[in-house]
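The values are calculated or read from the model by the stated rules, or taken from the named source; none is laboratory data. Please read these numbers as outputs of a predicted model, since none were measured by experiment. Because the Cβ atoms are built from the backbone with ideal geometry, glycine has one as well, and the counts that use them run over all protein chains shown. The area values use the complete protein model at the heavy-atom level, side chains included, leaving out ligands, DNA and RNA. Shrake-Rupley method; radii C 1.70, N 1.55, O 1.52, S 1.80 Å.
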Amino acid sequence: MSPPGPAIAALAWAVVGAPLVVFAATRPGRGRIRLHVTLMTVSVVIEVAVVAGFSFLMAPSPRRPALAALPFFKIHLTFAVTALAGMAWQLASRAVARLRPWHRLTGPYVVVVWCLALITGIYNYVFLYVMGSP
């Protein structure tokens with residue numbers, strides 16, 4: 001079974017995304033806020049596109065029920081949902097002046113969870129398309 005395009009794109013994002021998100025998150029500083037905002041915004045857009053691709057555009061793999069039954073998938077799903085909530089929080093905490101002090105304090109935790117979601121997502125790809133190959 002060959003993997004569909006969205007699955008390959010998701011794998012590429014999982015491999016490139018974690019280092020990119022860490023790099024983008026460490027860019028705030030004098031004169032680097034614009035770079036930070038741009039990189040993080042692009043990362044959020046890519047992440048939402050990948051989630052939408054898996055949720056709405058891609059036909060489920062025949063192995064998806066077996067994957068969904070694994071505890072590791074549930075852990076990945078928890079990280080993914082928490083990462084999306086964290087992204088929403090980070091965007092809101094930048095937009096609302098009263099919440100801005102919390103943006104810097106909560107950002108590292110959001111990045112860690114986001115990276116864990118990306119890394120555990122690699123296992124999902126391997127389980128669905130590599131281990132399932134004859």
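Of note:
- Residue within the stretch 108-130 that is within 18 Å of Val15 (Cα to Cα), open to solvent by 30 Å² or more (accessible area, probe 1.4 Å) and not aliphatic (A, V, I, L, M) present: yes
Matching residues to (1) assigned to a helix (DSSP H, G or I); (2) modelled with pLDDT of 85 or more; (3) open to solvent by less than 30 Å² (accessible area, probe 1.4 Å):
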{"site": "Ala9", "(1), (2), (3)": "yes, yes, no"}
{"site": "Gly17", "(1), (2), (3)": "yes, yes, yes"}
{"site": "Ala24", "(1), (2), (3)": "yes, yes, yes"}
{"site": "Phe56", "(1), (2), (3)": "yes, no, no"}
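- Of the residues making up the stretch 26-43, just one is among the charged types (D, E, K, R) and either at pLDDT 90 or above or not in a loop (DSSP other than H, G, I, E, B) (or both), namely Arg34.
- Ile46 within 20 Å of Gly5 (Cβ to Cβ), part of a helix (DSSP H, G or I), in contact with a Phe, Trp or Tyr (Cβ under 7 Å, 6 or more places away or on another chain) and β-branched (Val, Ile, Thr): yes
- Restricting Arg104, Arg94 to those that are open to solvent by 40 Å² or more (accessible area, probe 1.4 Å), touching a Lys or Arg at 6+ places or on another chain (Cβ under 8 Å) and assigned to a helix (DSSP H, G or I) reduces the list to Arg94.
- Of residues in the stretch 26-47 being touching a His at 6+ places or on another chain (Cβ under 9 Å) and open to solvent by 40 Å² or more (accessible area, probe 1.4 Å), the one nearest to Thr120 (Cα to Cα): Thr26
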